[in-house]
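Below is one structure; the comments refer to it alone.
The values are calculated or read from the model by the stated rules, or taken from the named source; none is laboratory data. This is a predicted model, so every value here is computed, not measured. Methodologically, a virtual Cβ is constructed for each residue, glycine included, from the backbone with ideal geometry; neighbour enumeration extends over all protein chains shown.
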Amino acid sequence: GQNIDQPTEMTATEGAIVQINCTYQTSGFNGLFWYQQHAGEAPTFLSYNVLDGLEEKGRFSSFLSRSKGYSYLLLKELQMKDSASYLCAVRPIKAAGNKLTFGGGTRVLVKP
Amino acid sequence: NAGVMQNPRHLVRRRGQEARLRCSPMKGHSHVYWYRQLPEEGLKFMVYLQKENIIDESGMPKERFSAEFPKEGPSILRIQQVVRGDSAAYFCASIPTLSQETQYFGPGTRLLVL
């Protein structure tokens, strides 16, 4: 079976750093994705990790440890527009055609 | 280069009616995925299609739901005899080939069943 856990909600202050953790237990692993989703909008791609380590893209970084079944998304220099849900998704290796299994999402609220 | 298009963006149906949701993938993309997002929940995979073929429908409810992706035209997700529990946002995503990791999502169709 597939199980992906992430916190439901986090609050942070503008300019600060927030780390969103994601743990997964899946029947195989072929990559982990982070998406951002503003209320009422489509998920937009943020990052992809398939090997252990840190991937940095501007203010956003994503880390993966396959042995621990663990990833985090790091958001630096938070801006008000970063208030959104952040979705962790895993692509199981045995899945046909790259379908994704999503966690429940973490709603991040950035306060002034 | 237009992104993934979905229509309608909002759809209201009464219990027992049919809902048809359309998804036009990005140009050159021949793989389409449908996901459902219930209020306050994450996305759940429903079905994966290539042109004229259903590849994986393991996430589709066994009854009332069907999907197609014809040779010409958009992919269609069809829900017959809708019930209140079908109220959700339905997203489609597309990729050009299986070697492409990233799925690009459309804006979704928000279905409300009265």
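Taking the condition among the small types (Gly, Ala, Ser), without any contact (Cβ under 8 Å) to a residue 24 or more places away in the chain and surrounded by 15 or more Cβ atoms within 10 Å (Cβ to Cβ), does residue B:42 pass? Criteria met by residue B:42. Filtering B:68, B:72, B:101 for residues that are within 14 Å of chain A (Cβ to nearest Cβ) and acidic (Asp, Glu) leaves a single hit, B:101. Confirm whether residue A:36 is more than 12 Å from every other protein chain (Cβ to nearest Cβ), closer than 23 Å to residue B:38 by Cβ and of a type in the set (S, T, N, Q). Criteria not met by residue A:36.
Within the set B:84, B:22, the sole residue that is in contact (Cβ under 8 Å) with a residue 24 or more places away in the chain, more than 10 Å from chain A (Cβ to nearest Cβ) and under 14 Å from the mean Cα position of the chain (by Cα) turns out to be B:22. Tell me whether region B:62-80 contains one or more residues that are among the β-branched types (Val, Ile, Thr), over 21 Å from residue A:88 (Cβ atoms) and more than 11 Å from the chain's Cα centre (by Cα). There is no residue in region B:62-80 that is among the β-branched types (Val, Ile, Thr), over 21 Å from residue A:88 (Cβ atoms) and more than 11 Å from the chain's Cα centre (by Cα). Consider residue A:42 against the criteria (1) modelled with pLDDT of 95 or more; (2) surrounded by 17 or more Cβ atoms within 10 Å (Cβ to Cβ); (3) in contact with a Phe, Trp or Tyr (Cβ under 8 Å, 6 or more places away or on another chain); (4) of a type in the set (A, V, I, L, M, F, W, C): it satisfies all of them except one. Which criterion is unmet? Answer for residue A:42: the failing condition is (1). Residues considered: A:76, A:57, A:99. Of these, the only one that is over 28 Å from residue B:39 (Cα atoms), modelled with pLDDT under 95 and either within 11 Å of chain B (Cβ to nearest Cβ) or over 9 Å from the mean Cα position of the chain (by Cα) (or both) is A:57.
Take residue A:6 and tell me if it is within 12 Å of another protein chain (Cβ to nearest Cβ) and under 10 Å from the mean Cα position of the chain (by Cα).
Yes, satisfied.
Among the residues of region A:50-66, is there at least one that is closer than 17 Å to residue A:24 by Cβ, surrounded by fewer than 17 Cβ atoms within 10 Å (Cβ to Cβ) and either of a type in the set (Gly, Ala, Ser) or in contact (Cβ under 8 Å) with a residue 40 or more places away in the chain (or both)? The answer is yes; a qualifying residue exists. Reported count of residues in region A:67-109, each being surrounded by 21 or more Cβ atoms within 10 Å (Cβ to Cβ), hydroxyl-bearing (Ser, Thr, Tyr) and more than 14 Å from residue A:11 (Cα to Cα), is 2. Return yes when residue B:57 is touching a strand residue (DSSP E or B) at 6+ places or on another chain (Cβ under 6 Å), charged (D, E, K, R) and modelled with pLDDT under 95 and no when it is not. Taking the combined requirement at face value, the residue satisfies it.
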